[in-house]
Amino acid sequence: MDAGDALRRIAFLLERSQAATYRVKAFRTAADSVGAMDASEVAERVAQGSLERVRGIGPKTAKVIREAVEGATPAYLEALEEEASAPLTRGGDTLLAALRGDCHMHSDWSDGGSPIAEMGRTAIELGHEWAVLTDHSPRLTVANGLSTERLLDQLSVVAELNERWAPFRLLTGIECDILDDGSLDQDPEVLERLDVVVVSVHSKLRMDAAAMTRRMLAAVRNPHADVLGHCTGRLLGGKKRPQSEFDADRVFAACAEAGTAVEINCRPERLDPPRDLLRQAVASGALLSIDTDAHAPGQLDWQLYGCARAEECGVPVERVITSWPVERLLHWTTEKNIG
């Protein structure tokens, strides 16, 4: 086994299991360090016991490298693979098998932890036919949101990768902030150039219900809005945050009328919308999008969380846009913008 591949696989499995970021970073850093050496240098350092003198390689990562170079599957990787053989959650398998893509993921261009190419390669390895790169918009400075100029530069990077990755398609996109008045945090001319636009509230999440409803209605009715991201903004677990208050019936009805999909956010600390609101979204007739909101490669494997909740709440697969072939998805977004 290639030592770099073993280290990256360990990092993926740690991300998938929600391990601490510093642990994941140690293995990705070591993989980069190994990649900077040729095979003969790695073998020589293994023989001399000098791996740990290389910047970015510590005792645990050195052990993985030694075992891989010596022809064995590293013991730590074996243990993680054994843990990963159990499903992340119960249910959702049938719907997961129908999915073809993911409309929401981030790279290190904004607040993600990995380069665009690594996120795309991981999506390919997971069997996706397509995925949408949705780094943040400029107003979200805490997440290093992309200025118009940076976003346009990103389009060129994506085009170059797609030349090498066919038939897989990395689609251009953005997670665009919904501003206080419901307008979107990017120039309309730029949004028109993107394949998919996810719109999300990230600020003033505690505004009163009437104002939040008006804000969200304006956003989902915007012709450039394709997906309403993590609609309540809630956070579970250690960093709890209550859900925003808004008239869900009106917002979901507007989504159904405008053709804007409601996101089923798969992040374990979000699982947004809650079950009661998800059932309301289903009853409204709105389209839905099962997305990971991944900020690291291992998190792209979190779609099962959303699929399990979707099956539990009676989401029809034909209304899940992440189950569509890429041609149908792009036809839908194009027609929406024209309409």
Tally Lys/Arg at +1 and Asp/Glu at -1 over every other residue whose Cβ is under 13 Å from the Cβ of residue 269; what's the total? +4
Toy charge model, Lys and Arg Cβ at +1, Asp and Glu Cβ at -1: region 1-140 dipole around Cα centroid in debye, rounded to 20, equals 420
Probe 1.4 Å, protein heavy atoms only - accessible area per residue of the chain in square angstrom: 44
When you have a sec, figure out the Kirkwood radius of the chain from all distinct Cα pair distances and drop it here in Å to one decimal? 20.9
How far is helix 148-165 tilted off the main Cα axis of the chain, in degrees rounded to 10, range 0 to 90? 60
Which of the lysines could a cross-linker span from residue 204 if the Cα-Cα distance has to be under 21 Å and same-chain partners fewer than 8 positions apart are dropped? 239, 240
Would you give the gap between the C-alpha center of region 64-137 and the C-alpha center of region 167-229, rounded to a whole Å? 26
Residues meeting the amide H criterion for residue 171 (H placed from the backbone, H to H distance under 5 Å, 5 or more places apart or on another chain) are 131, 132, 133
Compute the distance in nm between two label points, each set 7 Å from the Cα along the Cα-to-Cβ direction, one at residue 38 and one at residue 148. 4.9
Relative to the longest principal axis of the chain, what angle (0 to 90°, nearest 10) does the C-alpha long axis of helix 39-48 take? 60
Under the 7 Å Cα-to-Cβ spin-label approximation, residue 72 and residue 89 lie apart by a distance in nanometres of 3.8
Using unit Cβ charges (K, R positive; D, E negative) and no other charged atoms, how large, in debye to the nearest 20, is the dipole of region 1-64 about its Cα centre? 380
Normalise the Cα radius of gyration of region 272-339 by 2.2 N^0.38 Å (N = residues in it) and let me know the number. 1.21
Report, in deg cm²/dmol and to the nearest 500, the calculated mean residue ellipticity at 222 nm for the chain, where each DSSP H run with n ≥ 4 adds -39500 (n - 2.57) and the sum is divided by the residue count. -14000 deg cm²/dmol
For region 63-78, in residue order, the Karplus 3J(HN,Hα) values (coefficients 6.51, -1.76, 1.60; θ = phi - 60°; whole Hz; Gly and Pro = x) are 4, 4, 4, 4, 5, 5, 5, 7, x, 9, 6, x, 4, 5, 5, 4
Projecting the Cα atoms of 286, 323, 265 onto the charge dipole of region 265-339, where Lys and Arg contribute +1 and Asp and Glu -1 at Cβ, the residue farthest towards the positive end is 286
Taking 37 °C and 0.692 mPa s as the conditions, I'd like the Stokes-Einstein D for region 90-157 in µm²/s, using the Kirkwood hydrodynamic radius from alpha carbon pairs. 250
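The values are calculated or read from the model by the stated rules, or taken from the named source; none is laboratory data. Just so it is clear, the model here is predicted, and its values are computed rather than measured. Heads up, the Cβs are rebuilt from the backbone with ideal geometry, glycines too, and the neighbour counts pull from every protein chain shown. Accessible surface areas use protein heavy atoms only, side chains included; no ligands, DNA or RNA. Shrake-Rupley method; radii C 1.70, N 1.55, O 1.52, S 1.80 Å.
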